[in-house]
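Visitor: Have a look at this one before I ask anything.
The values are calculated or read from the model by the stated rules, or taken from the named source; none is laboratory data. Remember, predicted model here, so these are calculated numbers, not experimental data. No Cβ is skipped: glycine too gets one built from the backbone with ideal geometry, and neighbour counts run over all protein chains shown.
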């Protein structure tokens, strides 16, 4: 009697010395180094689909991105979400993912032209028992869209994404001051009234989003000084809650970036 071994790379037969009701005893078990080597080689030839999860954190004028790369696995997705929940100000960016599959154990390189640092230089696509590896990139925000590109072992582009300035400015409006938008506006109300050079572009943004009404917009516009316009704008915005105050702060960052930066840094 012989035992048939069926493996990915072929089959083999082994002589049986003794047979019982439940067991078969092999007198001289064979250890095949070739089998081990072939198993190792074949493990490098498995095609898998991968997940890409992109998270952004904005700190003053610096954007920090974390791009996770790992074989598709619901448990690993949950592990990433749990880890990111511990990072203050972390926001997930709804990015695309590659449609094609890749060889397990292949490696990838991330390129962000406007970044000042990307670590690690490469990530290997492997199954892990721990939280997946990620690329950490530091980007000095320049008011332009941020391009990201992922390259395979042979330097082929396998994934591209653009983080629009509106996306990271939206995040910046929520996290730059380090406090809620309403609290920031109230805390710096007097300086904003004196320091904002032209409140009307901010009022235009809020009016276009129906966050202030026509009557409120008319009252702001009717004021004869920039200080009174800003005072009236804040009077209209502050009672309306986090969505409107957040939009107001976002508009301030876009149109009065240096003033908001100064106020934010003076608060730390």
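Visitor: Among residues belonging to segment 247-268 that are in contact (Cβ under 8 Å) with a residue 24 or more places away in the chain and either more than 12 Å from residue 202 (Cα to Cα) or touching a strand residue (DSSP E or B) at 6+ places or on another chain (Cβ under 8 Å) (or both), point out the one that is surrounded by the most Cβ atoms within 10 Å (Cβ to Cβ).
Guide: 260
Matching residues to (1) surrounded by 17 or more Cβ atoms within 10 Å (Cβ to Cβ); (2) assigned to a strand (DSSP E or B); (3) out of contact with any helix residue (DSSP H, G or I) (no Cβ under 8 Å at 6 or more places or on another chain); (4) not assigned by TED's automatic domain parsing to the domain that holds residue 155:
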residue	(1), (2), (3), (4)
54	yes, yes, yes, no
57	yes, yes, no, no
63	yes, yes, no, no
66	yes, yes, no, no
81	no, no, yes, no
87	no, no, yes, no
92	no, yes, no, no
96	no, no, yes, no
129	no, no, yes, no
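Visitor: Considering only residues of segment 191-209 that are farther than 17 Å from residue 223 by Cα and either free of Cβ contacts under 8 Å to residues at least 24 places away in the same chain or surrounded by fewer than 20 Cβ atoms within 10 Å (Cβ to Cβ) (or both), which is farthest from the chain's Cα centre (by Cα)? Before you say what the answer is, go through the steps one by one.
Guide: First, the residues of segment 191-209 that are farther than 17 Å from residue 223 by Cα: 191, 205-206, 208-209.
With the extra rule that they be either free of Cβ contacts under 8 Å to residues at least 24 places away in the same chain or surrounded by fewer than 20 Cβ atoms within 10 Å (Cβ to Cβ) (or both), the set shrinks to 191, 205, 208-209.
Working: 191: 34, 205: 27, 208: 29, 209: 27 Å.
It comes out as 191.
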